[in-house]
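Written below as structure tokens is the structure these notes are about.
The values are calculated or read from the model by the stated rules, or taken from the named source; none is laboratory data. Keep in mind that what you see is a predicted model, and the values were worked out from it rather than measured. Cβ coordinates were reconstructed from backbone atoms using ideal geometry, including for glycine residues, and neighbour counts include every protein chain displayed. To get the accessible areas, we keep the full protein, side chains included, count just its heavy atoms, and leave off ligands, DNA and RNA. Shrake-Rupley method; radii C 1.70, N 1.55, O 1.52, S 1.80 Å.
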Amino acid sequence: MLDVIHCPLRLQADPARVVVRPFHIPIEAHPSGRPGRVRRIAESVLVMDEEMAEIELELVLRDFEARHWQTRSVFISRYRQIEVALELDGNAISDIKKQLIGAFFCHEYSYAAAALMNPSVVPHPDQSGLSDGAMRIAMSLRAVGEGHISSVAFREGILGPGATVELMAEPPFATAADGAAEAGNGAIEVHRHPDSSLSGTVLFPMTAAQSKGLEDMRLVQFTHDDGSVEWIGTYTAYNGAAIRSELLRTTDFRSFTLMPMSGPAARNKGMALFPRKVGGQYLMIGRQDGENVFLIRSDKIDQWGEGALLMTPKYPWEMVQLGNCGSPIELDEGWLLLTHGVGAMRKYSVGAILLDKDDPSKVIGRMPQPLLSPADEDREGYVPNVVYSCGGIRHGDQIFLPYGVADSSVAFAFVTIESLLSAMR
């Protein structure tokens, strides 16, 4: 009998959560030879007298300043990008006109209006000031907004003592991580604002490959051979036509490096990294054929080949396809891998398998029945009949599992490790 405790806490999509984002208009000149729209807008502001510019800026601020954090600073930051693109002389432009120009190239975006789903969780870098039996966590969530564009939102919280979870309150204003800078080999580096909290930070698509979404991040706390620790997330970059797997890397959840992966496996989605090397190699769980689970080995963390078949569908609840629900969790008994299975009527359920500690290519335990399935009250939503997770975490003698419900909300459960292992025997 599985010992599962369902928490009353539930996170919902919220159209009231908005951020200010860049509004991108092509810089190029008009086909007729006239100045492009960006230059036309900027020049229209520059020729305004100062009083008119101030009146127009105040109208904008009256509508939006109370809804966002440091709105004027955001406008100035956006202006600087326009200044570089148009080669403007910033020394000759007033702060009022700079802010107004920036405002014309920003827009308000409701990043979680359509859906909030598919969480993953890791230990927070800061574990100070906690009572015995408690753990501070950092959780990623897939937020879906206008145009079905996915971004990565975060929440901080505390587990325990015992089977309890408490999330930090979201700040009144969300902020988008920015300052994208080239980091070589197609990677970029972005930063959250130094005065913002992680719970109020959103990572938006930044590159052409990511333009339509950052999807289903699977976070893991990774320990390197020298004992150093970083937090790594595998996610799917989507541009509206093609997908590829990429890595997020951070040591503090303040600066983030987003980098592409290469190799045949990286052309697919749903990759999950082991939390350390095994046998001197990096290991990844993948699903290259969209149907079965593969184990992939590599000497480089960003290059992944075809891998070897690990598991195929066996039970009715997983007959259509199998995949992982996050990175393997290390136990004394082996590697616990949470899985998802798709059955009749495209019903998604969560299960689990156990892999050998020294040779993870060996499946030594498997649940014949799912751990979680859509219940009657959990069936309706953006995509009905789905429960799905991008990663759980060990907390004492239990597994804490945040999971998406119907691609519309996020729920939380605890299950004892003993009952999970017993269900596999």
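In this structure, is ARG78 in a helix (DSSP H, G or I), open to solvent by less than 30 Å² (accessible area, probe 1.4 Å) and more than 30 Å from PRO161 (Cβ to Cβ)? Spell out how you get there, then give the answer.
Numbers: in a helix (DSSP H, G or I): yes; open to solvent by less than 30 Å² (accessible area, probe 1.4 Å): yes; more than 30 Å from PRO161 (Cβ to Cβ): yes.
For ARG78, the condition - in a helix (DSSP H, G or I), open to solvent by less than 30 Å² (accessible area, probe 1.4 Å) and more than 30 Å from PRO161 (Cβ to Cβ) - is met.
Filter segment 253-264 down to residues that are on the phi < 0 side of the Ramachandran plot, open to solvent by less than 30 Å² (accessible area, probe 1.4 Å) and touching a Phe, Trp or Tyr at 6+ places or on another chain (Cβ under 8 Å), then give me how many there are.
1
Rundown of residues vs (1) touching a helix residue (DSSP H, G or I) at 6+ places or on another chain (Cβ under 7 Å); (2) within 30 Å of THR164 (Cβ to Cβ); (3) at pLDDT below 90, yes/no style:
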{"site": "VAL18", "(1), (2), (3)": "yes, no, yes"}
{"site": "PRO22", "(1), (2), (3)": "yes, no, yes"}
{"site": "ASP49", "(1), (2), (3)": "no, no, no"}
{"site": "ARG62", "(1), (2), (3)": "no, no, no"}
{"site": "GLN70", "(1), (2), (3)": "no, no, yes"}
{"site": "ASP89", "(1), (2), (3)": "no, no, no"}
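If we scan segment 237-252, do we find a residue that is under 14 Å from the mean Cα position of the chain (by Cα), more than 29 Å from SER197 (Cβ to Cβ) and open to solvent by 10 Å² or more (accessible area, probe 1.4 Å)? It would help to see each step written out before you state the result.
First, pick out the residues of segment 237-252 that are under 14 Å from the mean Cα position of the chain (by Cα): 237-238, 245-250.
Keeping just the survivors that are more than 29 Å from SER197 (Cβ to Cβ) gives none.
Scanning segment 237-252, I find no residue that is under 14 Å from the mean Cα position of the chain (by Cα), more than 29 Å from SER197 (Cβ to Cβ) and open to solvent by 10 Å² or more (accessible area, probe 1.4 Å), so the answer is no.
Restricting to segment 99-122, name every residue that is open to solvent by 30 Å² or more (accessible area, probe 1.4 Å) and either out of contact with any Pro (no Cβ under 7 Å at 6 or more places or on another chain) or of a type in the set (Lys, Arg) (or both). Please lay out each step first, then the result.
Step one: filter segment 99-122 for residues open to solvent by 30 Å² or more (accessible area, probe 1.4 Å), giving 104, 107-108, 113-114.
If the condition is that a residue be open to solvent by 30 Å² or more (accessible area, probe 1.4 Å) and either out of contact with any Pro (no Cβ under 7 Å at 6 or more places or on another chain) or of a type in the set (Lys, Arg) (or both), then PHE104, HIS107, GLU108, ALA114 are the ones that fit.
Do you know which of the residues in segment 365-413 that are among the basic types (Lys, Arg) and modelled with pLDDT of 85 or more is most open to solvent (accessible area, probe 1.4 Å)? So that I can check it myself, show each step before the final result.
Here is the first cut: in segment 365-413, the residues among the basic types (Lys, Arg) are 366, 379, 394.
This time we only want the ones that are modelled with pLDDT of 85 or more, so: 366, 394.
Numbers: ARG366: 46, ARG394: 95 Å².
Here the residue is ARG394.
Tell me, please, whether a residue that is closer than 18 Å to TRP317 by Cα, free of Cβ contacts under 8 Å to residues at least 24 places away in the same chain and either in contact with a Pro (Cβ under 8 Å, 6 or more places away or on another chain) or open to solvent by 30 Å² or more (accessible area, probe 1.4 Å) (or both) can be found in segment 344-364.
For segment 344-364, residues closer than 18 Å to TRP317 by Cα, free of Cβ contacts under 8 Å to residues at least 24 places away in the same chain and either in contact with a Pro (Cβ under 8 Å, 6 or more places away or on another chain) or open to solvent by 30 Å² or more (accessible area, probe 1.4 Å) (or both): absent.
Find the residue count for segment 275-293, including only residues that are at pLDDT 95 or above and either surrounded by fewer than 22 Cβ atoms within 10 Å (Cβ to Cβ) or farther than 15 Å from GLY326 by Cα (or both).
So the count comes out to 9.
Going through segment 306-322 one residue at a time, which ones are in contact with a Ser or Thr (Cβ under 7 Å, 6 or more places away or on another chain) and either surrounded by 13 or more Cβ atoms within 10 Å (Cβ to Cβ) or farther than 27 Å from TYR282 by Cα (or both)? Before you say what the answer is, go through the steps one by one.
Applying the first criterion (in contact with a Ser or Thr (Cβ under 7 Å, 6 or more places away or on another chain)) to segment 306-322 yields 308, 310, 317, 322.
Listed by number, the residues that qualify are LEU310, TRP317, LEU322.
Scan segment 214-243 for residues that are polar (S, T, N, Q) and over 18 Å from SER327 (Cα atoms) and report the count. Step through it out loud before you land on a result.
Initially, segment 214-243 is screened for residues polar (S, T, N, Q), giving 221, 223, 228, 234, 236, 239.
Those left that are additionally over 18 Å from SER327 (Cα atoms): 228, 239.
Here the count works out to 2.
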